[in-house]
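The values are calculated or read from the model by the stated rules, or taken from the named source; none is laboratory data. Just so we're clear, the structure is a prediction, and the values are computed from it rather than from any experiment. Please note: Cβ atoms are built from the backbone with ideal geometry, for glycine as well, and neighbour counts cover all protein chains shown.
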Amino acid sequence: MEEKQPSSLLKISRIISDFFNPLISLIIFFIYVSVHEYSLKEATTHFLPILGIVILPIIIWITYNVKTGRYTNMDVSNRVQRKTLYIFIGMCVLLYLAFTYIKYGSFDFVMLFILILLLALQISNYYIKSSMHTAFNVFVAALFFNINQNWGFAWIFIAILVGITRIILKRHTPKEVILGAFIAFVVSFLYLYCDIQFRT
């Protein structure tokens, strides 16, 4: 029997979902900030610790666990498997926060709220597997909105698109996508409010 080929909609959904995964969306934001807010030297010193302490260890962790069979896929879409992923990501972010505090005497505000978002998603995961892809893209939209409104609005559209693809790919139910977006919206609101208060 001939194997059924995935439809064009599934293929496009997979491309969008894979490209705008939480790590890549955050990398795009951090590169944007590094290029637009800092000199080349400052950009390097800002981005390299994020890359070395947070991004690369998470990529290595997920890849290793997929290859050894502990995780079913790179999305880590299994609710039970996600528990260890959230813990590992949280440890990487805490390590980065400790690094920035020791080096600069203050916490990285964005990373602090990424940690809060992770904690909220971890708590949610005990009851319902909220969409991490959707949540992080909503939060990235807030991060962009804080420095460039056009990018912020564009990323809201991306977050909606990603949420739809997660449903099409059957990685999440509509309820899980909506919950992920809601959690991220609350954390994003707190982030923007605190940032405004901190700046004034």
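Numbers at a glance
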{"quantity": "Residue under evaluation Leu26, criteria (1) closer than 30 Å to Tyr127 by Cβ; (2) free of Cβ contacts under 8 Å to residues at least 60 places away in the same chain; (3) among the hydrophobic types (A, V, I, L, M, F, W, C), criterion not met", "calculated": "(2)"}
{"quantity": "Single condition Leu143 does not satisfy, out of (1) closer than 18 Å to Phe19 by Cα; (2) over 11 Å from the mean Cα position of the chain (by Cα)", "calculated": "(1)"}
{"quantity": "Any hit, the stretch 110-128, residues being touching a His at 6+ places or on another chain (Cβ under 6 Å) and part of a helix (DSSP H, G or I)", "calculated": "no"}
{"quantity": "Any hit, the stretch 145-163, residues being within 18 Å of Ile62 (Cβ to Cβ) and out of contact with any Phe, Trp or Tyr (no Cβ under 6 Å at 6 or more places or on another chain)", "calculated": "no"}
{"quantity": "Filtered residues of the stretch 179-200 (kept if of a type in the set (A, V, I, L, M) and touching a helix residue (DSSP H, G or I) at 6+ places or on another chain (Cβ under 8 Å))", "calculated": "Leu179, Ala181, Ile183, Ala184, Val186, Val187, Leu190, Leu192"}
{"quantity": "Count of residues meeting criterion [at pLDDT 85 or above, aromatic (Phe, Trp, Tyr) and closer than 22 Å to Gln149 by Cβ] in the stretch 12-51", "calculated": "4"}
{"quantity": "Selection count, the stretch 70-80, where residues are in a helix (DSSP H, G or I) and either surrounded by 15 or more Cβ atoms within 10 Å (Cβ to Cβ) or among the aliphatic types (A, V, I, L, M) (or both)", "calculated": "1"}
{"quantity": "Failed criterion for Ile147 (all others in (1) surrounded by fewer than 19 Cβ atoms within 10 Å (Cβ to Cβ); (2) within 19 Å of Ile183 (Cβ to Cβ); (3) in contact (Cβ under 8 Å) with a residue 24 or more places away in the chain; (4) β-branched (Val, Ile, Thr) hold)", "calculated": "(2)"}
{"quantity": "Check on Lys170, modelled with pLDDT of 95 or more, charged (D, E, K, R) and either in a helix (DSSP H, G or I) or over 23 Å from Leu115 (Cα atoms) (or both)", "calculated": "no"}
